[in-house]
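Here is the structure we will look at.
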Amino acid sequence: MSINTFTCHCIGDTLDGLRDGLSHFSGPSRAAVVFAITGNASMYVFDPQHLLSGHEPRLKELYVENQTWRDFPSIQRSSLRYNHIVAEKNLQLTGLISYGGRSGAVYYQMWFTEHHPDMCSIGPTERWLEHAAWRFSHDMASESALYTGISGGFLREYATHAVRDDIVDRMNILLGWDTRLRIYPILDAILELSRTREEGAWPRGKLVFVEPQSLDSISFLAHFSTAEQPSLENIKHVRKLLAAVEQSNLKLISDGYNVAGIASDNLPEFTITADFRGGHGFLKVIDDQICSFADGTYQSTTRRANLVHLEEALLETDIDPEAGNTLFKIVAALVHQAEDQKHGATLVLDLTPTPIAIAGQRFDSALDLRQPAILDLAKSLSRVDGALHIGADQYLHGFACLLDGHAIAGENRARGARYNSALRFTAEHDHIIVVVVSADRPVSIIQSGIEISAACQWKPLSCRINQPVHLDKWVDHNDE
């Protein structure tokens with residue numbers, strides 16, 4: 001069965017919307033899909049940005065050499081036209097999240113996107129891919145005469161729905177279907193609270209949502225009378241109450257309708273917690289972090305620096321792997337401290353056998369950063385103007401260090417002195433990696449005068465410039 005223009009249109013719209021939506025939720029993201037319209041049709045792949053590059057052997061094993069994916073109980077196209085999909089779960093491919101399903105309209109489909117290393121959870125993204133499968137199946141069942149072309153629009157704006165769907169799935173496992181918790185109003189209230197200031201301050205503290213029937217089991221420190229419980233819709237009132245639990249172990253307790261009181265421990269088995277931390281916050285179900293929120297939107301990020309490029313750079317050096325791992329943990333601790341305290345910092349990783357001389361404040365003898373007390377001291381010293389000088393021996397050799405060098409072509413005046421000084425310094429010194437933490441920008445990993453953390457392996461392209469291709473031909477072509 002060949003792929004006609006209508007199918008190409010559906011798959012292109014769906015993939016465009018999916019990719020755009022996930023890029024806002026998780027940062028720049030690609031998407032791809034493999035599918036077969038009927039049980040005896042060829043398997044096709046649509047991967048316009050080469051997301052699946054490197055996974056050809058596994059895909060060949062799954063779909064070309066092994067035909068068991070066709071061995072599925074007969075799906076009647078007439079009986080499963082619109083909304084019933086038999087799920088096909090994550091294939092567990094390295095660096096990818098995948099989810100798909102089978103239906104009367106599309107016999108088999110599997111959608112893919114990137115598994116970013118700084119994701120709180122893959123749950124919302126899996127729900128996003130699941131909805132992409134549902135939209136594609138629905139469009140194919142509708143056929144060209146009834147095609148509306150709105151699937152891409154739905155998927156672009158699916159963030160809150162993806163978070164809600166993940167929470168509902170978790171909630172149904174623990175509480176069953178008979179629950180009175182209203183998830184959409186809860187998610188809307190959290191976003192409204194996150195952007196509501198009180199006397200100029202952003203909200204801090206924890207607001208915990210529990211099943212209404214569980215309220216009687218909570219040992220409240222302070223329980224508000226039923227007639228005076230603030231409505232969750234009264235955002236300003238709830239925002240004022242958050243001040244009572246700021247910087248403490250206390251929590252506001254809500255049943256999704258009203259704020260019932262203040263408690264600390266011994267909460268019910270199932271809870272949804274909004275942890276407000278000033279300009280951002282985190283959403284948890286029980287103890288699992290689902291996503292973060294900021295600027296009125298939900299996002300997948302842990303709001304921690306992505307240091308995977310540093311980890312890779314250390315692996316490529318001659319440093320002992322165990323020592324490299326320790327060094328990475330030291331740098332990660334310093335970076336995360338600077339992020340949490342919202343101050344800039346510069347860390348010079350000197351991987352030369354004998355640390356080079358850098359102008360700055362030095363010690364009588366270097367300090368061992370493997371000692372917790374010394375690491376805490378280094379966190380404090382990172383606030384001082386200038387760079388920390390860290391050797392391959394995991395010792396701190398100096399602080400308030402000045403990085404100089406000649407001007408180079410890759411400088412960016414919009415990035416400030418820390419960033420450009422690091423570019424110049426690393427351009428003139430081999431075996432040096434500089435980590436720059438800016439208060440208002442992502443962390444930059446710089447080596448040999450280049451920001452290696454800024455490297456991009458793909459370009460955003462419209463999906464409509466490509467068409468699905470036979471999977472067996474795609475595999476053979478990419479293996480060449």
Semi-axes of region 168-299 from the Cα gyration tensor (sqrt of 5 times each eigenvalue, largest first, whole Å) come to 21, 18, 13
Residues other than ASN234 with Cβ under 14 Å of its Cβ, Lys/Arg counted +1 and Asp/Glu -1, net out at -2
Please list log₁₀ I(q)/I(0) at q = 0.10 Å⁻¹ for region 308-441, using the Debye equation with identical point scatterers on the alpha-carbon positions.
-0.29
Principal axis box of region 106-208, alpha-carbon based, largest edge first, Å:
56, 33, 31
Heads up, the chain by the C-alpha gyration tensor (a ≥ b ≥ c square roots of eigenvalues; a/c under 1.5 rounded, else a/b over b/c prolate, else oblate) looks oblate
Tally Lys and Arg at +1 and Asp and Glu at -1 over the other residues with C-beta under 11 Å from the C-beta of GLY17: what net charge comes out?
-1
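Would you calculate the convex hull of the Cα atoms in region 195-260 and tell me its volume per residue in Å³?
Details: hull volume 5.8 nm³, N = 66.
Convex hull of Cα atoms, per residue: 88 Å³.
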In deg cm²/dmol and to the nearest 500, what is the mean residue ellipticity at 222 nm of the chain if only DSSP H runs of at least 4 residues count, each as -39500 (n - 2.57), divided by the residue total?
-10000 deg cm²/dmol
With the cut-off at 19 Å, tell me which of the pairs LYS251/LYS284; LYS284/LYS379; LYS206/LYS379; LYS60/LYS473; LYS342/LYS379; LYS206/LYS236 have Cα atoms farther apart than that.
LYS284/LYS379; LYS206/LYS379
Projected label distance in nm at LYS329 and THR317, using a 7 Å step from Cα toward the beta-carbon:
1.7
Relative contact order of the chain, pairs being alpha-carbon contacts under 8 Å that are 6 or more residues apart, as %
15
What net charge is computed for the residues neighbouring ILE446, neighbours being all others with C-beta under 11 Å from the C-beta of ILE446, Lys and Arg scored +1, Asp and Glu -1?
+2
Can you give the charge dipole size of region 168-299 about its Cα centre, rounded to the nearest 20 debye, using +1 on the beta carbon of Lys and Arg and -1 on the beta carbon of Asp and Glu?
380
What percent antiparallel are the DSSP beta bridges of the chain, to the nearest 5?
90
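No value in this document is a laboratory result; all are computed from the given coordinates. Given the structure is predicted, the values throughout are model-derived calculations rather than measurements. Cβ sites come from the backbone with ideal geometry, for glycine too, and all protein chains shown count toward neighbours.
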